[in-house]
Structures are given as structure tokens and as C-alpha cells.
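Every number here is computed from the coordinates shown, using simple stated rules; none is lab data. The model shown is predicted, which means the values in this text are computed figures rather than measured ones. As a convention, Cβ positions derive from the backbone with ideal geometry for all residues, glycine included, and neighbour counts pool all protein chains shown.
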Amino acid sequence: MIRLSHIEKTYFGKGNETHALKNVNLKIQDNELCAIMGASGSGKSTLLHIIGAMDDVTGGSYLYNDIPVSKLSKKDLHGFRKKYVSFVFQNFALIERYSVYENLEVPLLARSVKKRKHIIEDAAERVGISDLLRKYPSELSGGQQQRCAIARALIADTELLLCDEPTGALDSENSIKIMDEIAKIHRTGKTIIIVTHDDEVAHRCDRIIRITDGCIL
């Protein structure tokens, strides 16, 4: 499903370069549940963003099935993300002026889905935020915002789900609940990649990919 070949990612600053990824070669099969682990600054979030077409590459090639993602235009990259990828971001990426309900409605509006209420209420119930639908992000705890972000990804219903520290803001009980929900999503045939520092989360995955200083071990 995913094939990264000799991927390089360099960030250019004032008079210096940061090599975030170095000659990364990686294959991920359809319906895998993978964890990416590494120290802070190791390149794991950069790798996730490249897989999700949120960041471009400096060198190498990225194939998603037969789609040459690394060669797509900005317009085509937007279409690719909309069709194939859902994100659960570490900073939640909720729209502050929208209620929880309206945040969950965004991916349905993007697909012009007409009967939205039942879908939103079902996703909210699955992650335990049914009583928060009329609240705004500023009124939620970090854990509640994270569950909202996960519900939004459930609603988007794409074939690839990318999670950046999905349990980072949760206590152990809610971390287990969220991983149980991610496991259910995986069983429906989705491919899921999780960046995590949590060994318990990683060991619930099919495979652990370890990255250090921009290189996959």
C-alpha cells in the first residue's frame, strides 16, 4: 500500500540545514496496524506527515498503491488527503469557533453527506463524548479534545488513519478505551499508523518501526 524509497527530508534555515529524514526505505501493507517509535526529534512526526502528504520530500519517492505522491501538485495533494487520509494530530487541530458537533461535521460536509446527525452522534458515543457535543474546544480538557479529534477521524472514514500520539493527553483508563476503538477500526480493514512514546500502545500494534536521528533501524 505504501512504499517509501530513499526518502530524504531537509529543512533549510538561516545558514543551516536540518536533516530530518535520511535515506528512509519503508513498506507498509494494506490493513497493517503499525507503531512508529523514537525519541523526540528523531523524525517520527516528519515521517508521519510525509506519509499523510502534509509535507513534501527533499529526495526519494513515495508511492501510495500506484499513486506517485511525491510527484503530485499542491492541488492534487489536497485531493489525495481528502480522499485517502485521516489525521489525529498531537495538538488536536480543532476549530476553536466551532462546537464539538460542528467540528465532527466538517469531514461530512467535505463529502457532501446529507444525513449527518446520526453519524456524528454514533462517533461521539463510541469515544465517550456524547455529552459534549454543544461545547467548544476551549471548554474541554486535553483528553476530551483528543477524543473529539479521534471521533472526527472516525467520521472521515478513509482507508488510511494516521495518529500522532493519540493517547498522549489521556489517563491510562481512557488510553485503553481509545486503543480498543482503534483496534475496532483496524478490524474493518483500515490501515493505521501510530506515532507513540507509549510501549503499551506500541505493543498492541502488528509492527513497531523504530527511528533514530532520521534513520529507520
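Charging the Cβ of each Asp and Glu at -1 and of each Lys and Arg at +1, and nothing else, the dipole of the chain about its Cα centre rounds to 780 debye. Using a cut-off of 22 Å between Cα atoms, the listed pairs Lys83/Lys135; Lys22/Lys71; Lys83/Lys114; Lys9/Lys71; Lys114/Lys190 include Lys83/Lys135; Lys114/Lys190 as exceeding that distance. Net length available on complete extension from Glu200 to Asn25 is 60.4 nm, with 0.36 nm assigned per residue and the Cα-Cα distance removed. For region 77-176, a/c is not less than 1.5, where a ≥ b ≥ c are the root eigenvalues of the C-alpha gyration tensor, and a/b does not top b/c. That puts it in the oblate class. Count charges around Ser61 for me, please; just the other residues with Cβ under 11 Å from its Cβ, Lys/Arg as +1, Asp/Glu as -1. Taking every other residue near Ser61 into account, the sum is +1. Gain on full extension, evaluated as 0.36 nm per residue between Lys14 and Lys75 minus their Cα-Cα distance, stands at 19.1 nm. Remark: the chain is approximated by an ellipsoid whose semi-axes, taken from the C-alpha gyration tensor as √(5λ), come to 29, 19, 17 Å, largest first. Shape analysis of region 1-85 places it in the oblate category; the axes a ≥ b ≥ c from the Cα gyration tensor give an a/c of at least 1.5, with a/b not above b/c.
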